[in-house]
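The values are calculated or read from the model by the stated rules, or taken from the named source; none is laboratory data. Only a predicted model underlies this, so the values are computations on that prediction, with no experimental measurement involved. In this analysis, Cβ positions are derived from the backbone assuming ideal geometry, glycine residues included, and neighbour counts consider all displayed protein chains. We work out accessible area using only protein heavy atoms, side chains counted, and drop any ligands, DNA or RNA first. Shrake-Rupley method; radii C 1.70, N 1.55, O 1.52, S 1.80 Å.
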Amino acid sequence: MTGQPQAGASTAPAWIEAQQIEAQQRDGRDPLSAFASGFATDGAVHLNGNSLGPPRAGLAGELERVVHGQWAPHQVHGWFKDGWLDLPRTVGDKLAAVLGAAPGQVVVAGETTSTTLFNALVAACRLREDRPVLLIEAASFPTDLYIAGSVARLLGRRVVTASAEDFDSFLRENGAQVAAAVAAPVDFRTGERRGIGPTTALCHAAGAIAVWDLSHATGVLPVDLDAHAVDLAVGCGYKYLGGGPGAPAFLYVPFRLQQAVDFPLSGWHGHARPFAMAPAFEPDSGIGRGRTGTPPLLSLVALGHALDPLLEVGVHALYSRSQDLSEFFLECLERSRPDVLEQLVSPRDPDRRGGHLALRLPDAERIEEALAARGVLVDSRPPDLIRFAFAPLYVTHEQVRRAVHELGDVVKEAR
Ligand SMILES: *Cc1c(COP(=O)(O)O)cnc(C)c1O
């Protein structure tokens, strides 16, 4: 690559051509590039997989198979005959591989992340009846803050919100007061990582329950839940997992806590024998106690289908591909618009971030719209952040190059 263009003069054809060749070579070298054609992207560049990614091309066929091959002919018998009743567990076992968990510890009950977090936080507090504090990061996704506040009101506890820097020191200094500590391995705004291992170890040293919200990490970052001895974890099904609009959330409960947790949402599907129709609740002895009621079957089918290529590739290869893509984004931006790169709020070190990057640009929402009109889907978060997510299986280096090019143009127009 020769010749550094001036800022705002990124349209020199020779230079663009060189970058195109570079992108093609990188895609050509990486066998994971072949997966992109298996997604129904409609020609758009999807850099918002941390909000919602495209469906796999085969999804409609899979749903049709269930609707016409199971639902229509078997009707209510499908719950038993076609394995529908077990799907929260079978999809959970698939997900366990992505989460670094042995099978039998993950369930997809059919709830939202919000209700699943509610269930987990109340259960965590019930494991520590004598402790007054529910600790949560101040920069958490809003629903986590709202749910933590509600759980504290319900159970007579107190929420302590700590900045990312103060979180661990609070655990060190006041950990004996903490019933449960809630954190995320990836900051949903900046993409900055928090190590699951060290914070979980601090919780354990203090006797607190470590609860992780993995929504922005699952499917793009290894989380190694068993190895880190995480206590409880929840996460979203529609982000990097690609489960589709409103895909259900998951819940992780390790074997060592399954007999002890007492979930507040004690619905009939969490019963040891749901079809005995017993008047008294007796929880399932395993991960099944995390279930609530009749699960949204078609959404579970879609989530299970979305997981297949992730399992085929494996989470470590997914992570490394995502890092390659985000590094290429930064390289392209450095060459074409170093002034825009200066607005990066994510860590420059790839090992310190998750699957997305954020830039602080005034007019973020307008830039998002302008990019969408050019076929580049990103998302803005008020007041001035634009996020670019590098989902490993449907984003290519060539698309990243194109996105940076369009971004340069759109930002130029905005000024
Ligand atoms: C996306 C996300 C959620 C979403 O919650 P829902 O109830 O499923 O809408 C929750 N927490 C975090 C950290 C998220 O990133």
**OP:** From S336, S320, S326, grab the single residue that is of a type in the set (S, T, Y), open to solvent by 50 Å² or more (accessible area, probe 1.4 Å) and farther than 19 Å from G244 by Cβ.
**Re:** S320
Original post:
In the set V122, V160, V151, which member is away from the ligand (no atom under 16 Å from the Cβ), of a type in the set (V, I, T) and surrounded by 20 or more Cβ atoms within 10 Å (Cβ to Cβ)?
Top reply: V160
Original post:
When you go through A403, A389, A370, A364 one by one, which is the residue that is among the hydrophobic types (A, V, I, L, M, F, W, C), in contact with a His (Cβ under 7 Å, 6 or more places away or on another chain) and buried (at least 18 other Cβ atoms within 10 Å of the Cβ)?
Top reply: A389
Subject >> Identity of the residue in region 377-386, of a type outside the set (K, R) and open to solvent by 30 Å² or more (accessible area, probe 1.4 Å), that ends up modelled with the lowest pLDDT >> reply: P382
Subject >> Residue, nearest to the chain's Cα centre (by Cα), within region 44-89, restricted to residues that are among the small types (G, A, S) and part of a helix (DSSP H, G or I) >> reply: A60
**OP:** Please indicate, with yes or no, whether at least one residue in region 297-309 is closer than 30 Å to H271 by Cβ, outside any helix (DSSP H, G or I), open to solvent by less than 30 Å² (accessible area, probe 1.4 Å) and touching a helix residue (DSSP H, G or I) at 6+ places or on another chain (Cβ under 8 Å).
**Re:** no
Original post:
Is there a residue being modelled with pLDDT of 95 or more, away from the ligand (no atom under 16 Å from the Cβ) and outside any loop (DSSP other than H, G, I, E, B) anywhere in region 242-255?
Top reply: yes
**OP:** Say whether the condition of being assigned to a loop (DSSP other than H, G, I, E, B), more than 16 Å from the ligand (Cβ to nearest atom) and surrounded by 19 or more Cβ atoms within 10 Å (Cβ to Cβ) is met by at least one residue in region 105-113.
**Re:** yes
Original post:
Which is at pLDDT 95 or above, closer than 20 Å to P254 by Cα and not in a loop (DSSP other than H, G, I, E, B), of A102, A120?
Top reply: A120
**OP:** Could you grab me the full set of residues in region 229-239 that are more than 14 Å from the ligand (Cβ to nearest atom), on the phi < 0 side of the Ramachandran plot and either within 12 Å of the chain's Cα centre (by Cα) or without any contact (Cβ under 8 Å) to a residue 60 or more places away in the chain (or both)?
**Re:** V230
